[in-house]
Amino acid sequence: MTTDTCLKCGSPMGRGEYSCQVCGENEIQDYQMIRNYVRTYPNSNAMQIANATGISVSKILHYIRNGSLTVVDSPSRRGRS
């Protein structure tokens with residue numbers, strides 16, 4: 001079996017995989033931590049989430065851009081007519 005190397009840590013991984021098993025599990029844990037925080041504090045911005053979870057703002061924004069997390073515009077933030 002041919003292996004590639006994980007772009008994050010350099011560990012070997014199977015061909016065609018995005019990351020090694022350890023980095024993949026870390027991604028899942030980070031995502032779950034962000035999701036749980038947002039469920040508890042739904043009006044949080046990326047900086048607040050990053051400060052509370054220790055996960056970088058860039059990673060949080062990556063989840064938003066790729067559709068893993070959805071930004072919901074609250075009624076208090078919408079323009080009033």
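The values are calculated or read from the model by the stated rules, or taken from the named source; none is laboratory data. Remember, it's a predicted structure, so these values are computed and weren't measured experimentally. A quick note on method: Cβ atoms are made from the backbone with ideal geometry, for glycine too, and the neighbour counts reach across all protein chains shown. With ligands, DNA and RNA removed, areas are computed over all heavy atoms of the protein, side chains included. Shrake-Rupley method; radii C 1.70, N 1.55, O 1.52, S 1.80 Å.
What the table below lists for this structure:
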| item | result |
| --- | --- |
| Members of the stretch 47-67 that are under 13 Å from the mean Cα position of the chain (by Cα), small (G, A, S) and in a helix (DSSP H, G or I) | A50, S58 |
| Some residue of the stretch 8-22 being open to solvent by 80 Å² or more (accessible area, probe 1.4 Å), out of contact with any strand residue (DSSP E or B) (no Cβ under 7 Å at 6 or more places or on another chain) and not in a loop (DSSP other than H, G, I, E, B) | yes |
| Selection from the stretch 24-46 of residues that are over 13 Å from the mean Cα position of the chain (by Cα) and either more than 25 Å from V71 (Cα to Cα) or assigned to a helix (DSSP H, G or I) (or both) | R39, T40 |
| Check on Y37, hydroxyl-bearing (S, T, Y) and touching a residue at least 24 places away in the same chain (Cβ under 8 Å) | no |
